[in-house]
Amino acid sequence: MSSCAIVWFRQDLRLGDNPALVDALNRGFAVVPVYIHAPGEEGKWPPGGATKFWLHQSLKSLDKDLHDHKSKLILRTAGSSLDELRKLIKETGATAVFWNRRYEPAAIERDTTIKESLTKADIEVHSYNASLLFEPWTIKNKSEKPFRVFTPYWRHCLSIAEPPHPVSKPEQIKAPAKFPHTIKLDELELEPKIKWAEGIREAWTPGEAGAHKQLEKLLENVLANYGEGRNRPDQVGVSRISPHLHFGEVSPRQIWHRVKHEVGTKRGAKAKEGAQIYLKEIVWREFAYHLLYHFPHTEHVPLDEKFRHFPFKRDARALKRWQKGLTGYPLVDAGMRELWHTGWMHNRVRMVVGSFLVKDLLLPWQAGAKWFWDTLVDADLASNTMGWQWVAGCGADAAPYYRVFNPTLQGKKFDPEGDYVRRWVPELAGLEGDKIHTPWLLSDEELEQAGIVLGKSYPTPIVDHSVARLRALDALKSIKEDTILK
């Protein structure tokens, strides 16, 4: 009779390139696939609403894939993953537990405790890298310290050995003589009770199969124009793979080697150029994990300590208008409404709305990070933290604080015909071309012809950008002066 092992699924909801699963099978174990829902163990970042919705769909997809391999996903909910694993070990007679590593501070602490406890109980514990190209502790600068600037980090990654090739999906999954009890997926209560997530449901196909379909779209339709298209929210110019990566429905190794192989052998020069830029984005994600691993405090406080004293404001009304896409700046409002409807926002627009919150409204970046955490389907702690500190100018390799995105100019440059705004801000759909980005500058006649009443059908700007920019620069000057005085 084969000995039994638990394979503990977390943010690796796939069968392909799953080293924990494959190694358990290679060692001859019968496998009990398990997912334990324990949001209380996620520190101050339990899953947000959009994350929970996606997780429900992804677990459903994984269970179907396991059934196709004559296996099944055992679902449990718990206050303590360690206690639940102990119960499962007792129920199944398992002698080993396999999992793929996570890198968030709370997860590292939890996993370390579990590994120590199970090892003391004579249970084999094996953990693997399945979500990064490189382990964060293996990448160091010439001074043997972590990188804080992306460009030398990128160059270093290119100079070392290629990331390992992905491991193949198992053809068969050996099942135990008897599976333990599982609760029903609905008992995890991940889906919302009211139908706010229908837009997300329409926009995405969670699961491993959906992830690979999205990868095919990237290869076939996006890479050839990725260099330019990735900045255009009015076009389909980005990969839209980020939520699939976050939930581990596809691995960065699968993406890396597929893009390099396909483009290197079958595509033209434009696609090769686009591939290089896209792979750099994959390494940008790696850099986010590198920073969070080495500077775990940055999930809440800025890496640049002088920004702890930045004179941010507390304005609940302004924050609510930003969240609802009612700032009076069309590109900002379009982005925030796209986020609410689809659980996602184009990266160029993320930078604009982030800059607007932190610099035009002088609201803390943590408030933006919290909102994104709840509404993004790709709400990844490492990327979310780095992204907000980048745009706020207080993190590693950050945009200088004095770089304040002008939402009007950004709109005219990257949504020149106004198609993106027109889709998400239908109140302004009657305006032609780039006039849609500055409705407050139009004559009463132009507004009337478009059916717009500023202040009623669409808000007037919440701030004057030119004035807000100077206010932000004065705030920056104040913390610099404080630093000098101290």
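Here the contact order of the chain, divided by its residue count and restricted to Cα pairs under 8 Å and six or more residues apart, works out to 17 percent.
Derived scalar couplings between HN and Hα for the stretch 424-436 equal 9, 10, x, 4, 9, 4, x, 8, 9, x, 7, 4, 5 Hz in order, rounded to whole Hz, by the Karplus curve 6.51 cos²θ - 1.76 cosθ + 1.60 (θ = phi - 60°), x for Gly and Pro. If you plug the beta carbon distance of Glu42 and Arg86 into 1/(1 + (r/R0)^6) with R0 = 30 Å, you get a FRET efficiency near 0.90. The angle between the Cα long axis of helix 81-92 and the longest principal axis of the Cα atoms of the chain comes to about 30 degrees, rounded to the nearest 10.
Classification of the stretch 280-323 by its C-alpha gyration tensor yields an oblate form. The axis ratio a/c (a ≥ b ≥ c) is 1.5 or more, and b/c is at least a/b.
Couplings 3J(HN,Hα) of the stretch 18-32, computed from phi: 10, x, 5, 5, 5, 5, 4, 5, 5, 7, x, 7, 6, 10, 10 Hz, in residue order, whole Hz [Karplus 6.51 cos²θ - 1.76 cosθ + 1.60, θ = phi - 60°; x for Gly and Pro].
Amide H to amide H distances under 5 Å link Val7 with Val32, Val34, Phe98, where only residues 5 or more positions off or on other chains count and H is placed in the peptide plane. Between helix 150-159 and the chain there is an angle of about 40 degrees, using the helix long axis and the longest principal axis of the Cα atoms.
Fewest first, what order do Ile160, Ile74, Ile194, Ile436 take by the number of other Cβ atoms within 10 Å?
Details: Ile160 10, Ile74 23, Ile194 5, Ile436 26.
Ranking Ile160, Ile74, Ile194, Ile436 by Cβ neighbours within 10 Å, fewest first, gives Ile194, Ile160, Ile74, Ile436.
Here are several values of mean projected area of the Cα convex hull in nm²: (1) 25.2; (2) 39.3; (3) 33.7. Which one was derived from the coordinates shown? Label of the calculated value: (1).
Distance between the modelled labels on Thr438 and Ala78, one decimal in nanometres: 6.1 nm (7 Å Cα→Cβ projection). As a size descriptor, the averaged projected area of the C-alpha convex hull of the stretch 414-465 was calculated at 3.6 nm².
With the highest mean first, a sort of the peptides 85-98, 441-454, 232-245, 49-62 on other beta-carbon atoms found within 10 angstrom per residue produces 49-62, 232-245, 85-98, 441-454.
Here's how it looks for Ile173: its modeled amide H is under 5 Å from none belonging to a residue 5 or more places away or on a different chain. Segment Lys480..Gln449, full-extension length gain: 6.3 nm, with 0.36 nm per residue of separation and the alpha-carbon distance subtracted. State whether the stretch 4-130 is rounded, prolate or oblate according to the following rule on the C-alpha gyration tensor (a ≥ b ≥ c being the square roots of its eigenvalues): a/c under 1.5 gives rounded; otherwise a/b larger than b/c gives prolate, and the remaining case gives oblate. Since a/c reaches 1.5 but b/c is at least a/b, the shape of the stretch 4-130 is classed as oblate. Percent of Cα pairs in the stretch 305-485 per distance bin of 10 Å, from zero to the largest separation: 10, 38, 34, 14, 3, 0.
Computed from the C-beta positions of Glu305 and Lys260, the FRET efficiency with R₀ = 25 Å rounds to 0.05.
Comparing His67, Ala130, Leu25 along the charge dipole axis of the stretch 4-130, the residue lying farthest to the positive side is His67, per the Cβ-charge model. Placing +1 at every Lys and Arg Cβ and -1 at every Asp and Glu Cβ, with all other atoms neutral, what dipole size does the chain have around its Cα centre, in debye to the nearest 20? So the dipole magnitude of the chain works out to roughly 680 debye.
Here the spin labels are modelled as points 7 Å beyond Cα on the Cα-Cβ line, and at Thr182 and Ser159 they lie 4.8 nm apart.
For the stretch 4-130, calculate the relative contact order in percent as a whole number, restricting contacts to Cα pairs under 8 Å that are 6 or more residues apart.
It comes to 36 percent, rounded to a whole number.
Straight Cα distances below 16 angstrom link Lys178 to the aspartates and glutamates Glu91, with same-chain residues fewer than 8 positions distant left out.
The length gained by stretching the chain between Thr138 and Arg201 to full extension, at 0.36 nm per residue less their Cα-Cα distance, is 18.8 nm. Angle check, please: helix 330-342 long axis (alpha carbons) against the longest principal axis of the chain (alpha carbons), in degrees 0 to 90, nearest 10. On a 0 to 90 degree scale, this one is about 30. Considering only alpha-carbon pairs that sit under 8 angstrom and 6 or more positions apart, the relative contact order computed for the stretch 348-413 is 33 percent. Value of Rg to Rh for the stretch 400-486, rounded to two decimals, is 1.15; Kirkwood radius and Rg both from alpha-carbon coordinates.
Over the stretch 143-207, the hull volume per residue, using the convex hull of the C-alpha atoms, is 302 Å³. At an R0 of 41 angstrom, the distance between the Cβ atoms of His67 and Thr112 translates into a FRET efficiency of 0.80.
Judged by the mean number of other Cβ atoms found within 10 Å, the most tightly packed of the peptides 335-343, 178-186 leads the ranking 335-343, 178-186.
Measure out, as a whole number of angstrom, how far apart the alpha-carbon centroids of the stretch 14-55 and the stretch 355-418 sit. Computed from Cα coordinates, the inter-centre distance equals 30 Å. Compute the Cα gyration tensor for the stretch 67-220, then decide on rounded, prolate or oblate, letting a ≥ b ≥ c be the square roots of its eigenvalues: rounded whenever a/c is under 1.5, prolate when a/b is larger than b/c in the other cases, and oblate in all that remain. Because a/c hits 1.5 or more and a/b fails to exceed b/c, the stretch 67-220 counts as oblate.
Remark: the stretch 161-178, residue by residue, has Karplus-estimated 3J(HN,Hα) of 4, 4, x, x, 6, x, 7, 6, 5, x, 6, 9, 10, 5, 9, x, 4, 8 Hz, where x stands for each Gly or Pro and the curve is 6.51 cos²θ - 1.76 cosθ + 1.60 at θ = phi - 60°. Database remark: amide H of Tyr458 closer than 5 angstrom to the amide H of Val453 (H placed geometrically; neighbours at sequence offset of 5 or more, or on other chains; Pro and chain starts carry no H).
Every number in this text was worked out from the coordinates using simple rules, so none of it is lab data. Keep in mind that what you see is a predicted model, and the values were worked out from it rather than measured. Glycine also receives a Cβ, built like all others from the backbone with ideal geometry; neighbour counts cover every protein chain displayed.
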